[in-house]
Amino acid sequence: MSETSTNYNPQNTEDKWYKYWLDNKLFKSTPDEREPFTIVIPPPNVTGVLHMGHIMNNTIQDILIRRARMQGKNACWIPGTDHASIATEAKVVNKLAEEGISKEDIGRKDFMKHAWKWTDKHGGIILEQLKKLGASCDWDRTKFTLDNDLYQSVIKIFTDLYNEGLIYRGIRMVNWDPKAKTAVSDEEVEYKDEQSKLYYVKYKIADTDDYITIATTRPETIIGDTGVCVHPDDKRYKHFKGKKVIIPLVNREVPIIFDDYIDIEFGTGALKVTPAHDENDYMLGQKYKLQIIDIFNENGTISNKAGIYEGIDRFELRKSIIGDLEKAGNLVKIEDYVNRVGYSQRTNVPIEPKLSMQWFLKMEELVKPAIENVKNNNIHFSPERFKNTYFHWTENIRDWNISRQLWWGHRIPAYYLPDSNDFVVAENTEKALESAKEKTGNQNLKLEDLHQDEDVLDTWFSSWLWPISVFNGINEPNNPEINYYYPTNVLATGHDIIFFWVARMIVAGYKFRNNLPFKNVYFTGMVRDDKRRKMSKSLGNSPDPLDLIKKFGADGVRFGMMLCSPAGGDLLYVDNLPEQGRNFANKIWNSYRLIKSWTVDKEIPQPKHSELAIKWFKNKFNEQIQDIDKQYDTFKLSAALMTVYRLFKDEFSSWLLEIIKPDYQKPVDKKTYNEVIEIFDKLLRVLHPFMPFITEEIWQNIKERKNGESIMISEMPEPKIFDAELLNNFDITKDIITQIRNIRKEKNISYKNKLLLFYKDNNNSYNKIFDSVIIKLSGLDKISETADKVEGAMQFVIKKTEFFVPLGNLIDTDEEIKKLSEELKYTKGFLNAVMKKLGNERFVNNAPPQVVEKEKAKQADAEAKIKALEEQIKNL
């Protein structure tokens, strides 16, 4: 890239340096004697594409991995993708439907061919997109949850857990997704408040003219009712004991049962009981041995078991059944009602509670180490508040429904015996046949006599093994890689999958390795628009990250996303965030251009102001590095970026470079030039994890480098001792320079006019160490001490030292007196407010001592300023 380019052009550098990093295998990691630093990527859906959440999450991971690499650690970032059973199968089913093909028509074998073809075509796109962001993953280690070794890991774990008695099969009430035609876990159900209706329907008491009225939000399930329940203490219904009711429309006689489960205050106090389609109703049905009638097909239409309405969609029936109930004289009234409805996260359709034969994993004992080791901080959460969410789930855990009625995924390794519901569980077909022969005593059994379970395992059942299985730690539990890289160091993930993934990985870590899977969990927030809406394609409020990278550069996008990304807090995205990043990249680039434009003279000595400025900046750098390290250690990455940003923009560019910059068309001395290059080199290294491309581009050019060298494997600067007093003195120097510059600006005095500065040191606090810096940046002739006030001079006070700048005939006296009088009036008002506060006994006695001292310091400063202003006005 041309050194004379006015602005930094990321298009010219990003692909070049990424290729350089790959060609030199700088992301590659193999076990050695160094300390490992390991991160496993939260595997995105294999057919997914990059969105703003991925940008934020993977930028965070890349920052951490690049810093660790520069600290001399063996940094290993494992990339990969998830097979995403429900999402991927849905896409393949839709594609086939467009071609007039149904999944059932072609059968499992051919469907899987289509699914693999789809995956091969669309899979991995997101990983290629992550490279555009600068992600420094070890791409040779890329994993997919259906890779053979990971597949075998999942099957082995299922088999082992089954043999331990922790996995069982049974009919349970599950969350059924009628669109995906599969069960989903409790954690995959999102509840929404909806404006609904409450329908009051009367049921005739058998052999009488009496009726009992129930209230329901789901009239379509009436045809599956097998009981009506009332509270035993409800006096309104005591006379119905032993009676039966007739279910409207289907004319089914069912018992009235009495149970204290009923809420007397809700509706009419009478509850319709539909055991096949409500979990609580199912428990009542079991308790009172009620008939179970499953009225729904897998797709949410009415089944033939209902006796009427066969084939009608559940929501269509909800509309039409009301008219039928009204015609039959059973509808009493309809009221508006706010109802909480569960939706499938995957397909966004209302969940249908449904009895289904499923596979479950017992969680009660497995979860105990996962609770204990987060409580005792062996595993640290950042921010810690997410512990509450974690414990709410883990301490109220239910058995995990691990089966899904899909074909794409890890097929359950259960094999059914001929003409039987009995089965064997085995890791492969050979072992299954052997177990089947042993179980039946029939040595003539053949493999084709057995039938493998049609279901696959929940996607999370493979993901919970991810930190172990990517190192083949299930199949080969003592291999060198798992022993070296595990446990991993940090997991960076969204807090929305704390149940699905984070908690289960911790459970798996202690169950299968007797160790934590990661030491730290960094929870990211959601990326939202400026109206706090979640970004989504349907709302049209989510920009394409690749378009942003083209427009602002990867460094600009990374900077923008991290600038406002507190751990666990939502990021409110606006386009000026990456724009700020691009502007900062240009600032860095222009600092580089400025330094490289200087002519270096080996013969001239280093000026005093340059020597002092470099001494100050080195101390400032060490102070800030200490802060940055603390911010990294506490996962305050946004704060760390802001510290680096201010260090470069404010301290380096605005102060150091301004001080050492040679006069127009004059050379810079060799010593200053070499020292500023060393400082720039260190600054680039501190910046590198956040902005890898521009830092590499400049780092490669500020000095001669050998092929294969890279900033990403250079040493990260470590904090050293710094002189706090020196830094404090320079802060005072900055204030003095700023005051003189303000005088020049207000009075429109050109820097061609050299000024004098006098100071009256009232408490021997003024340190002359940086006088040469003040002279250079303020355009002064000299600085002198005075015992008396300087008549007719502009005056300001810093730390009780009075400063005077004589202006002679350079100013309009009347205008100046007017300005100073206004400032005096404001300062007196400010002092009055402070004195009121200090005159309040309650404030003085109850406020923390440091707060009271701060107010007293404000009083002293204001009094000194008033005195100086009055003197100034008097002099004028």
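Pairs Lys666/Lys776; Lys596/Lys734; Lys19/Lys706: which exceed 21 Å Cα-Cα?
Over 21 Å apart, Cα to Cα: Lys596/Lys734.
With unit charges on the beta carbon (Lys/Arg positive, Asp/Glu negative), name the residue among Phe648, Gln665, Ile677 whose Cα is farthest towards the positive pole of the charge dipole of segment 634-687.
With unit charges placed on the Cβ atoms, the residue in question is Phe648.
According to a simple spin-label model (label point 7 Å from Cα along Cα-to-Cβ), what is the distance in nm between Ile769 and Glu98?
Those two pseudo-labels are separated by 7.0 nm.
With the radius of gyration and the Kirkwood radius both derived from the Cα set of segment 589-731, what is their ratio Rg to Rh?
That ratio is 0.97, to two decimals.
Roughly what angle does helix 554-563 make with the longest principal axis of the chain, taking Cα atoms, 0 to 90 degrees, to the nearest 10?
In the chain, helix 554-563 runs at an angle near 90 degrees to the longest axis.
When the dipole is taken about the Cα centre of the chain, and only Lys, Arg (+1) and Asp, Glu (-1) are charged at their Cβ, what size is it in debye, to the nearest 20?
It works out to roughly 2000 debye.
Expressed as a whole percentage, what fraction of the accessible surface of the chain belongs to carbon and sulfur atoms when a 1.4 Å probe is rolled over the protein heavy atoms?
Reported share for carbon and sulfur atoms: 47 percent.
Please identify every one of the chymotrypsin sites (Phe, Trp or Tyr not before Pro) in segment 230-268 that sits in a loop by DSSP and has no more than 14 other beta carbons within 10 Å of its own beta carbon. Before the final figure, lay out the partial values.
Working: sites: Tyr237, Phe240, Phe258, Tyr261, Phe266; in loops: Tyr261, Phe266.
In loop regions of segment 230-268 (DSSP not H, G, I, E or B), the sparsely surrounded chymotrypsin sites (Phe, Trp or Tyr not before Pro) are Tyr261, Phe266.
Restricting to the chain, what percent of DSSP beta bridges are antiparallel, rounded to 5?
Beta bridges within the chain, antiparallel portion: roughly 70 percent.
Could you state the angle between the C-alpha long axis of helix 849-875 and the longest principal axis of the C-alpha atoms of the chain, as a value from 0 to 90 degrees rounded to the nearest 10?
Helix 849-875 and the main axis of the chain meet at about 40 degrees.
Mind ranking 368-378, 197-207 by how tightly packed they are, going by the mean number of other C-beta atoms within 10 angstrom, highest first?
Averaged packing, sorted descending, gives the order 197-207, 368-378.
Applying 1/(1 + (r/R0)^6) with R0 = 51 Å to the Cβ-Cβ distance of Asp336 and Asp814, what FRET efficiency is obtained, to the nearest 0.05?
0.10
Only bridges with both residues in segment 474-592 count here: give the DSSP antiparallel percent, nearest 5.
Of those bridges, close to 10 percent are antiparallel.
With the other protein chains left in place, how much accessible area per residue, in square angstrom, belongs to segment 797-876 at a 1.4 angstrom probe? Working shown, then result.
Values: 5220 Å² over 80 residues.
It amounts to 65 Å² per residue over segment 797-876.
Could you compute the FRET efficiency for Lys800 and Ile677, with r as their C-beta to C-beta distance and R0 at 35 Å, rounded to 0.05?
The calculated FRET efficiency here is 0.30.
Quick check on my link table: of Lys551/Lys703; Lys602/Lys703; Lys825/Lys856; Lys752/Lys818, which ones sit more than 24 Å apart, alpha carbon to alpha carbon? Can you show the working numbers first?
Working: Lys551/Lys703 29 Å; Lys602/Lys703 17 Å; Lys825/Lys856 20 Å; Lys752/Lys818 27 Å.
Cα-Cα > 24 Å for Lys551/Lys703; Lys752/Lys818; rest within.
So which GluC sites (Glu not before Pro) in segment 779-876 are both in a DSSP loop and have at most 14 other Cβ atoms within 10 Å of their Cβ? Intermediate results must be reported in sequence, preceding the final value.
Working: sites: Glu785, Glu791, Glu802, Glu815, Glu816, Glu822, Glu823, Glu841, Glu853, Glu855, Glu863, Glu870, Glu871; in loops: Glu791.
Passing sites in segment 779-876 are Glu791.
Helix 14-23 against the longest principal axis of the chain: what's the angle in degrees, Cα atoms only, rounded to the nearest 10?
The two axes meet at around 70 degrees.
Calculate the translational D of segment 665-809 in whole µm² s⁻¹ from Stokes-Einstein, where the hydrodynamic radius comes from the Kirkwood formula applied to all Cα pairs, the temperature is 25 °C and the viscosity 0.890 mPa s.
Answer from the Stokes-Einstein relation: 132 µm²/s.
Divide by every residue of the chain the summed helix terms, -39500 (n - 2.57) for each DSSP H run of at least 4, and state the resulting mean residue ellipticity at 222 nm, rounded to the nearest 500 deg cm²/dmol.
-13000 deg cm²/dmol
Quick one: length gained pulling Asn762 to Asn444 fully straight, 0.36 nm per residue minus the C-alpha distance?
103.7 nm
Multiply the residue separation of Glu725 and Val852 by 0.36 nm, subtract the distance between their alpha-carbon atoms, and state the gained length in nm to one decimal.
43.3 nm
Can you give the convex hull volume of the alpha carbon atoms of the chain per residue, in Å³?
That works out to 245 Å³ per residue.
Accessible area per residue, 1.4 Å probe, Å², for segment 53-186: what's the number?
Solvent-accessible surface per residue comes out at 37 Å².
How do the peptides 626-633, 703-710, 87-94, 18-25 rank, highest first, by the average count of neighbouring beta carbon atoms within 10 Å per residue?
Averaged packing, sorted descending, gives the order 87-94, 626-633, 18-25, 703-710.
Taking the highest mean first, how do the peptides 570-576, 322-328 order by number of other beta carbon atoms within 10 angstrom per residue? Display every interim value, and only then the final one.
Working: 570-576: 16.3, 322-328: 14.0.
Listed from highest to lowest mean packing, they are 570-576, 322-328.
In nm, what is the difference between 0.36 nm times the number of residues separating Tyr751 and Asn378 and their Cα-Cα distance?
128.2 nm
The values are calculated or read from the model by the stated rules, or taken from the named source; none is laboratory data. What you see is a predicted model; the values in this text were computed from it and never measured. Virtual Cβ from ideal backbone geometry, glycine too; neighbours counted across all protein chains shown. For accessibility, only protein heavy atoms count, side chains too; no ligands or nucleic acids. Shrake-Rupley method; radii C 1.70, N 1.55, O 1.52, S 1.80 Å.
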